[in-house]
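In what follows, a structure is listed as structure tokens, so that the remarks can point back to it.
Readers should treat all values here as calculations from the given coordinates under stated rules, not as data from a laboratory. Quantities reported herein were computed from a predicted structural model and do not represent experimental measurements. Methodologically, a virtual Cβ is constructed for each residue, glycine included, from the backbone with ideal geometry; neighbour enumeration extends over all protein chains shown.
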Ligand code: SAH
């Protein structure tokens, strides 16, 4: 769900930004009368994405590569994976790093999928899904050796996320996030406008690296996710999911709109992939 669907939730309201993904309908503020409609929409969107192995672009190799820059982990380590979705990357981390890992997401459907997956793989004692919001972390300060977040920090903003999460990381601990990034200095206006309305926080690698420094981390590494993280691992698996979903919800305008947005996002990616992508940023808390 990289741009597809953004949910921001706080105590007072639910804002739903459907970025088709990159942004078709932007912000709906939940009021009492419309609550049931939005709940239905959210449920539908979660159902669509939870049928996929991943909810955003990425790959096992990219997760392992990002992990290779992190040198402080032991069996006692505590890791937090924010916006974990159904936990594709959480399982890769559990398989390739020692310690205990908590995956946190807003939606029960994803957390249930993660916990089922952890049990299936025998990781239930060290990989646990918990419900919660990445802007309200229910742990003590300096609890974690590593905070991870693939394709999800945009929900609260890169700088806001890094600043807030910093206090939950131990000194000398790490943060690793993948984030939408411009890959060139200039780009066609169509894609520039598309992104600026979807996620104005998009910036180039230099800017994101500087922001990481400003948030109290030494930038340790950054790398661009390969194209197949978007195509083979994210857009292609959606084709089958879209067919099943549209058959099941043939009468739902939300379902049709969601699928149309996903298709549009995939087309944009094909057309403009040299101009933007996801970049993994790894930083060490100073
Ligand atoms: N990391 C996963 C999922 C990325 S999609 C992957 O790469 O496959 C973004 C995820 O962020 C979704 O699962 C969405 O439910 C979650 N999310 C959105 N807002 C959130 C918030 N405020 N707190 C926690 N999770 C959130």
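When only C-alpha pairs under 8 Å and at least 6 residues apart count, what is the relative contact order of segment 138-233, in percent? All intermediate terms of the calculation are to be shown ahead of the outcome.
Values: 88 pairs, mean separation 27.5, N = 96.
Averaging sequence separation for qualifying contacts and normalising by length gives 29 percent for segment 138-233.
Pull up the DSSP beta bridges for segment 139-286 and report the antiparallel fraction as a percent, rounded to 5. Could the numbers behind the result be given before it?
Working: 16 of 24 bridges.
Looking only at bridges with both residues in segment 139-286, the antiparallel portion is about 65 percent.
Taking every DSSP beta bridge with both residues inside the chain, roughly what % is antiparallel (nearest 5)? Display every interim value, and only then the final one.
Details: 23 of 44 bridges.
Bridges in the chain that DSSP calls antiparallel: roughly 50 percent.
Hey, could you grab the Kirkwood Rh for segment 165-249? Inverse mean 1/r over distinct alpha carbon pairs, Å, one decimal. Don't skip to the end; give the middle numbers.
Working: mean 1/r = 0.0625 Å⁻¹.
One decimal place: 16.0 Å for the Kirkwood radius.
Sorted by average packing, counted as other Cβ atoms within 10 angstrom per residue and highest first, what order do 135-142, 273-280 take?
Values: 135-142: 13.1, 273-280: 18.4.
Most protected by this proxy first, the peptides run 273-280, 135-142.
Would you compute, from DSSP H runs of 4+ residues alone, the mean residue ellipticity of the chain at 222 nm, taking -39500 (n - 2.57) per run and dividing by the full residue count, rounded to the nearest 500?
Values: 9 runs with 108 residues, N = 286.
Value at 222 nm, helices only, nearest 500: -11500 deg cm²/dmol.
I need the Debye-formula profile for the chain: one equal scatterer per C-alpha, no solvent, reported as log10 I(q)/I(0) at q = 0.07, 0.11, 0.12 1/Å, two decimals.
One equal scatterer on each Cα of the chain leads to -0.24, -0.60, -0.73.
Which of the peptides 238-245, 41-48 is most tightly packed, and how do the rest follow, going by the mean number of other Cβ atoms within 10 Å of each residue? Don't skip to the end; give the middle numbers.
Details: 238-245: 15.0, 41-48: 19.5.
With the highest mean Cβ count within 10 Å placed first, the list reads 41-48, 238-245.
Determine the relative contact order of the chain: mean sequence separation of Cα pairs under 8 Å and six or more apart, normalised by residue count, in whole percent.
Values: 531 pairs, mean separation 61.1, N = 286.
With pairs under 8 Å counted, the relative contact order is 21 percent.
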